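The values are calculated or read from the model by the stated rules, or taken from the named source; none is laboratory data. Everything numeric in this text was worked out from a predicted model, so none of it was measured. All Cβ positions, even for glycine, are placed from backbone atoms using ideal geometry, and neighbour counts span all protein chains on display. We work out accessible area using only protein heavy atoms, side chains counted, and drop any ligands, DNA or RNA first. Shrake-Rupley method; radii C 1.70, N 1.55, O 1.52, S 1.80 Å.
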Amino acid sequence: MTRPAPTPVHFLLVDDLEENLIALEALLRRDGLVLLKARSGPEALELLLAHEVALALLDVQMPEMDGFELAELMRGTERTRRVPIIFLTAGNPDQSRRFRGYEAGAVDFLNKPIEPHTLRSKADVFFELWRERQEVARQRDELKIATAENARLLEETRRTADALREADRRKDEFLATLAHELRNPLAPIRNGLQILSLAQSADTSARARAMMERQLGHMVRLVDDLLDISRVTSGKVQLRPELIEVRTAVEMALEASRPAIEAGKHSLTVRVPDERLWLRADPTRIAQVIGNLLTNAAKYTHDGGKIDVSVEREGGFVAVRVKDTGLGIPAEMLPRVFDLFTQVGKHLDRAQGGLGIGLSLVKRLVEMHGGEVTVESPGADRGSTFAVRLPLAPDAPVVPASNSSVRAARGQSRRVLVVDDNADAADSLSELLALSGHKTETAQSGPEALRAAARFRPELVFLDIGLPGMDGYEVARTLRAAPGSRATVLVALTGWGTEEDRKRSAEAGFDFHLTKPVETEQLEGLLAKLARNPA
């Protein structure tokens with residue numbers, strides 16, 4: 001049976017200037033994509049009524065009806081309220097306009113002039129999502145036709161249809177939860193900004209900043225989880241295995257999850273054997289696995305509960321068990337807890353958040369290490385036990401390494417150039433480095449960075465990729481070509497963190513690649529590494 005050709009995917013481009021529409025059309029053109037162009041809000045609404053649209057790119061500044069008003073009308077109509085929206089703006093919108101855009105349903109903002117690679121990569125995501133939806137619909141239709149052949153196929157198709165409906169329901173729940181979890185921190189962050197503008201007391205300002213940092217950290221963790229599960233499911237995660245002690249991985253996980261455990265006033269018991277148990281594994285990912293299980297135990301255990309962590313050798317494997325006295329798992333949910341987007345009940349009283357991807361990520365990472373993860377629970381409100389089994393390293397060292405942790409020494413003072421078109425980002429990173437004893441300068445564009453480098457002769461450059469006009473890749477290549485710059489350490493700062501992005505930054509001459517927002521510990525680790533291994 002010949003498979004029918006997929007129907008075209010439609011994108012809607014809305015801009016009151018014809019030359020902007022022509023430029024967008026040239027950047028986005030590809031096989032199978034139909035670009036619908038409109039020069040006003042009313043014209044765009046007519047096209048939306050006539051076509052199913054996979055993505056709408058809306059100019060913010062338009063006469064009569066601006067982009068925000070058009071987005072709000074789209075959200076008020078059943079046919080168009082789920083259409084993803086990317087706003088195009090000539091400048092950096094202020095916080096209030098960004099909040100309005102996100103409340104109207106925006107998934108992103110792009111600043112003009114638009115960086116072609118960024119636009120195409122974002123557009124490709126929505127093109128492929130629409131094609132996958134078409135493929136699912138096609139397969140569902142074929143299964144429905146096949147059910148007419150006999151009763152056995154009919155029953156099989158019913159089961160498949162039920163699975164599709166369940167997947168669709170879970171997908172809808174996930175999207176609703178994602179919107180809820182991402183918007184929840186926005187309210188206190190917005191309030192915090194207002195407090196900072198009005199506060200007369202340093203204590204009030206400090207409390208507001210601490211609150212905003214907590215909420216921002218929560219959003220960053222959600223985004224990191226989304227990126228991790230996307231990379232794992234698409235096979236883009238590359239493990240970096242090395243010999244590590246199980247005890248070290250458990251300590252790393254405990255350090256990361258301790259704030260959640262202490263916030264719940266839980267009692268914690270950790271039992272690790274005296275025997276050195278070694279893994280050939282990626283230490284960051286194994287700590288992430290154990291940390292996810294500990295954080296889940298803290299989330300779903302009533303305040304003052306008990307959490308027990310134990311490590312045991314089981315033949316050629318090591319078993320790490322995390323046991324809690326929390327909400328437990330109903331028997332019918334046990335086979336599904338590791339499925340993507342699955343959440344056990346709603347537990348609104350816990351109000352801890354979560355996207356239903358953490359346990360799926362745990363399972364996939366453990367399997368990538370050749371292990372398995374299982375769960376047991378006597379039932380609701382009777383706690384649960386998660387067990388991770390990993391193969392012991394066949395090449396464990398004969399002489400155990402020292403168990404004492406060594407704190408990295410402070411590096412020597414360096415001349416550091418920070419380049420970022422966001423003045424707040426550049427100034428705050430520069431100030432942080434200055435407090436650590438480094439001599440710093442800042443620049444906010446590519447040409448300004450090159451002039452500063454020629455004058456300041458930095459030993460270390462933190463360079464934003466997404467600079468307007470002359471981007472960070474071009475700046476890096478120009479710096480590398482300059483006489484006397486071979487020893488300069490170039491660090492890429494970017495919101496893009498895939499393996500392909502890292503490869504591209506390395507090809508441009510960068511020595512390191514950091515994904516925004518950069519954690520203080522990550523920055524300190526890099527400086528300590530440079531201190532140990534000077535250029």
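Restricting attention to the stretch 305-339, which residues are open to solvent by 70 Å² or more (accessible area, probe 1.4 Å) and hydroxyl-bearing (Ser, Thr, Tyr)?
Thr325
Using beta carbons and a limit of 6 Å, which pairs, at least six apart or on different chains, have the first residue in the stretch 130-142 and farther than 16 Å from Ala163 by Cα and the second one surrounded by 14 or more Cβ atoms within 10 Å (Cβ to Cβ)?
Hits for this filter: Trp130/Val9; Trp130/Ala54.
Looking at the stretch 302-327, which of its residues are over 13 Å from Phe386 (Cβ atoms) and not hydrophobic (A, V, I, L, M, F, W, C)?
Passing the criteria: His302, Asp303, Gly304, Gly305, Lys306, Glu312, Arg313, Glu314, Gly315, Gly316, Thr325.
Can you find even one residue in the stretch 87-96 that is in contact with a Pro (Cβ under 8 Å, 6 or more places away or on another chain) and among the small types (Gly, Ala, Ser)?
Among the residues of the stretch 87-96, not one is in contact with a Pro (Cβ under 8 Å, 6 or more places away or on another chain) and among the small types (Gly, Ala, Ser), which makes the answer no.
State which residue is most open to solvent (accessible area, probe 1.4 Å) when the search covers only the stretch 434-457 and only residues that are free of Cβ contacts under 8 Å to residues at least 40 places away in the same chain and more than 22 Å from Ala482 (Cα to Cα).
Leu435
Which fully enclosed helices (runs of 4 or more DSSP H) of the stretch 1-120 have 1 or more residues being open to solvent by less than 10 Å² (accessible area, probe 1.4 Å) and touching a Lys or Arg at 6+ places or on another chain (Cβ under 8 Å)?
Result: 18-28, 41-50, 67-75.
Report yes if Ser360 is modelled with pLDDT of 90 or more and under 30 Å from Pro330 (Cα atoms), otherwise no.
Judged against the criteria, Ser360 is not a match.
Restricting attention to the stretch 265-301, and to residues there that are under 20 Å from the mean Cα position of the chain (by Cα) and of a type in the set (D, E, K, R), which single residue is farthest from Pro391 (Cα to Cα)?
Checked the stretch 265-301; the qualifying residue farthest from Pro391 (Cα to Cα) is Arg285.
Only one residue in Ala492, Ala482 is of a type outside the set (Val, Ile, Thr) and open to solvent by less than 10 Å² (accessible area, probe 1.4 Å). Which one?
None of the others qualify; the one that does is Ala492.
Look through Glu69, Glu52, Glu142 and report the one residue that is under 20 Å from Leu33 (Cα atoms), more than 23 Å from the chain's Cα centre (by Cα) and charged (D, E, K, R).
None of the others qualify; the one that does is Glu52.
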